[in-house]
Amino acid sequence: METSADVKKVIGLLKGKKKLIAMLAPSFVVDFKYPDTIILLKQMGFDKVSELTFGARIINKYYHEIIKKNPDTMFISTACPVVAMMVKSQYPQYAGNLMPVVSPMAATARILDKNYPNHDIVFIAPCPAKKEEAKIYGKLIDAVITYKELKQLIEYAQENKMIKPKKVKSHLFDRFYADYTKIYPISGGLSKTLHKRDILKENEVIVLEGPAEMQKLFSSKIPKHIRFLDVLFCKGGCIGGPGVNSQEPIEARRAKVLSYLELAKHEKMGKRRGMIKDTEGVEFNTPKKYIGNKCFTECERDF
Ligand code: SF4
């Protein structure tokens, strides 16, 4: 069985001395079972398993503040590095409209790094583009593997007896995670979770999915009343990402994320959810002077 260079890197980290955190994107349920995957990752040697949903919840708060303070600016929001890169390279006239807030991946990794400074972080993603995005944060994220690669890692661990049948204390996520932001990887999930009623009207928001829709909008004159674009590159959002194993139709994948959300609503999160005070001192947005029509190349999400 073949294993990629990044899977080999994670195997090395698992065999090493440092404790490891697996940081899962909520789209993992498209390919893997919840909560079985959490138990499996722990039996494989991960010390903690967290979810990007907490970082998404925190950056929503920043989005909210920025939109409120800039009522005359149209913002392009995305958790997708490909969209950010495309706007900058193909539609540079809108580069200054990109929301200057880090992605849920970077936000969650920074929160984890602050709270668990002696752990290494492995991000498990639906998308190889996240590997490139992770590079801009230097040593913050130690490895990124896709769901296709997680399948390789599990197969390797099974063949090489790396899965210890130890009793896992809890089948639930460790700090940090959230419930309602589990729909972030679905097209339109970001704007749905923004609690935007007091800052945006329904007709001020446009959800875009894919390069054709982006081209259609950006090549025409965007109506003046539009204030918020919620954009993802893949069909259906990250659930349609190139690092996903599933061949199921997008609707079936979407249904899996929605039932995961329903399940989470009834789980007791307690302190595992994470608190705002856990994020104190963590940087999520770029300086205020870059908001608006200033050049995005000076912003932190510059890739
Ligand atoms: S999976 Fe698709 S939409 Fe999600 S980050 Fe990757 S390229 Fe963007």
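Things to note:
- Wholly enclosed helices (runs of 4 or more DSSP H) of region 49-133 bearing at least 2 residues within 13 Å of the ligand (Cβ to nearest atom) and closer than 28 Å to Lys17 by Cα: 104-115
- Filter pass, Ser187 being within 16 Å of the ligand (Cβ to nearest atom), open to solvent by 20 Å² or more (accessible area, probe 1.4 Å) and of a type in the set (S, T, N, Q): yes
- Residue count for region 157-184 under the criterion of being in contact with a helix residue (DSSP H, G or I) (Cβ under 8 Å, 6 or more places away or on another chain) and open to solvent by 50 Å² or more (accessible area, probe 1.4 Å): the result is 6.
- On the stretch given as region 219-256, residues that are more than 16 Å from the ligand (Cβ to nearest atom) and surrounded by fewer than 18 Cβ atoms within 10 Å (Cβ to Cβ) total 12.
- Long-range neighbours under 9 Å by Cβ, at least six apart or interchain, first residue under 15 Å from Ala134 (Cβ atoms) and part of a loop (DSSP other than H, G, I, E, B) within region 19-32, second of a type in the set (A, V, I, L, M, F, W, C) and open to solvent by 10 Å² or more (accessible area, probe 1.4 Å): Ala25/Leu52; Ala25/Cys127; Ala25/Cys238
- Exactly one residue out of Ser27, Ser50, Ser4 is in contact with a Lys or Arg (Cβ under 9 Å, 6 or more places away or on another chain), surrounded by 19 or more Cβ atoms within 10 Å (Cβ to Cβ) and either at pLDDT below 95 or more than 25 Å from Glu251 (Cα to Cα) (or both): that is Ser50.
- Residues that are under 16 Å from Thr108 (Cα atoms), among the charged types (D, E, K, R) and touching a helix residue (DSSP H, G or I) at 6+ places or on another chain (Cβ under 8 Å), drawn from region 125-143: Lys130, Lys131, Glu133, Asp142
The values are calculated or read from the model by the stated rules, or taken from the named source; none is laboratory data. Keep in mind that what you see is a predicted model, and the values were worked out from it rather than measured. Quick reminder, even Gly has a Cβ in these numbers, built from the backbone with ideal geometry, and neighbours come from all protein chains shown. What goes into the accessible areas is simple: the full protein's heavy atoms, side chains included, and nothing from ligands, DNA or RNA. Shrake-Rupley method; radii C 1.70, N 1.55, O 1.52, S 1.80 Å.
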